[in-house]
1. Looking at (1) open to solvent by 30 Å² or more (accessible area, probe 1.4 Å); (2) more than 27 Å from Arg38 (Cβ to Cβ); (3) in a helix (DSSP H, G or I), can you tell me which one Glu165 breaks?
2. Hey, among Ile206, Ile178, Ile158, which residue is out of contact with any Gly (no Cβ under 9 Å at 6 or more places or on another chain), part of a helix (DSSP H, G or I) and either over 21 Å from Pro18 (Cβ atoms) or at pLDDT 95 or above (or both)?
3. Could you check, for segment 3-21, whether at least one of its residues is open to solvent by less than 20 Å² (accessible area, probe 1.4 Å), at pLDDT 90 or above and of a type in the set (Val, Ile, Thr)?
4. With the requirement that a residue be within 18 Å of Asp207 (Cβ to Cβ), in a loop (DSSP other than H, G, I, E, B) and touching a helix residue (DSSP H, G or I) at 6+ places or on another chain (Cβ under 6 Å), what does segment 42-69 give you?
5. Taking segment 142-151 on its own, how many of its residues are open to solvent by 90 Å² or more (accessible area, probe 1.4 Å) and touching a residue at least 12 places away in the same chain (Cβ under 8 Å)?
6. Regarding Thr170, is this residue closer than 11 Å to Ser20 by Cα and either open to solvent by 100 Å² or more (accessible area, probe 1.4 Å) or in contact (Cβ under 8 Å) with a residue 12 or more places away in the chain (or both)?
7. Whether any residue in segment 82-105 is within 23 Å of the chain's Cα centre (by Cα) and of a type in the set (S, T, N, Q) is what I want to check.
8. Note down all Cβ pairs under 6 Å where the first residue falls in segment 116-137 and is within 16 Å of Glu37 (Cβ to Cβ) and open to solvent by less than 20 Å² (accessible area, probe 1.4 Å), the second is of a type outside the set (S, T, N, Q) and modelled with pLDDT under 95, and they're at least six residues apart or on different chains.
Amino acid sequence: MESQGFFGGIIHAFQLSPWSVGPIVICFFISISFVIERYIRLFTQYNIDGASFMFEVQKYVLANDLDGAIRICNGASKAALPKIIKAGLQRASRDEQQIQNAIDAASLEVIPKIERRLPYLALIANIATLLGLLGTISGLIKAFAAVALADPAQRQNILANGISEAMNATAMGLITAIFAMVMHSILATRAQKIIEEIDEFGVKLIDLLTARKYKHSSEKVVD
């Protein structure tokens, strides 16, 4: 299997025991498609340097240029954090509770998109493990049942084929499960980081807008 390479080994295992290995191979390629899609979303489309972005927004807010701050958000409109910040900025003239409500509403729209399909990777890992176990048991049952009925000259061949089917199913199930679990952990960590930034900078925006409002109120009183 090593000499054939990884995908060559998958093909060889599928040829030897398609009914046992086939469903696991399907799970493996489904998990790859989920990983690619989530990686693109979480590491490129939804991701942004939150601290740098918020620093730029803060400069415009402190200069009382809310339109400029909103333009910064529009410039990175595909990322998750700018959508939340923009929702708060659009309510900057309202009271603190209404700003919070706008941020919460935007978060309820964005966060499910960040977490989408991640639970499926954990599910695939469990299914692949169980399918591997099922293929192992099935292969061993076939091997020992055939040995009991087969001609003595063919027993060694039949036993070897049955054990090969069992081991192929076990190996493919474990490979798929390990891949899905590792990628789930990596992607879930990235998703959690984006969500934590949304929570952190959403609160900071409310404080910033509240401070701005009090500042301008005090300036009017002095005038």
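1. The failed condition is (1).
2. Numbers: Ile206 fails: out of contact with any Gly (no Cβ under 9 Å at 6 or more places or on another chain); Ile158 fails: either over 21 Å from Pro18 (Cβ atoms) or at pLDDT 95 or above (or both).
Just a single option satisfies the conditions, and that option is Ile178.
3. Initially, segment 3-21 is screened for residues open to solvent by less than 20 Å² (accessible area, probe 1.4 Å), giving 9-10, 13, 17, 20-21.
Filter once more, keeping what is at pLDDT 90 or above: none.
No.
4. Once the filter is applied, which keeps residues that are within 18 Å of Asp207 (Cβ to Cβ), in a loop (DSSP other than H, G, I, E, B) and touching a helix residue (DSSP H, G or I) at 6+ places or on another chain (Cβ under 6 Å), segment 42-69 yields nothing.
5. Filtering segment 142-151 for residues open to solvent by 90 Å² or more (accessible area, probe 1.4 Å) gives 142, 144, 149.
With the extra rule that they be touching a residue at least 12 places away in the same chain (Cβ under 8 Å), the set shrinks to 142, 144.
Qualifying residue count, segment 142-151: 2.
6. It is true that Thr170 is closer than 11 Å to Ser20 by Cα and either open to solvent by 100 Å² or more (accessible area, probe 1.4 Å) or in contact (Cβ under 8 Å) with a residue 12 or more places away in the chain (or both).
7. Checking segment 82-105: not a single residue is within 23 Å of the chain's Cα centre (by Cα) and of a type in the set (S, T, N, Q).
8. Ile124/Cys27
The values are calculated or read from the model by the stated rules, or taken from the named source; none is laboratory data. Only a predicted model underlies this, so the values are computations on that prediction, with no experimental measurement involved. Methodologically, a virtual Cβ is constructed for each residue, glycine included, from the backbone with ideal geometry; neighbour enumeration extends over all protein chains shown. The accessibility values were calculated without ligands, DNA or RNA, using every heavy atom of the protein model including side chains. Shrake-Rupley method; radii C 1.70, N 1.55, O 1.52, S 1.80 Å.
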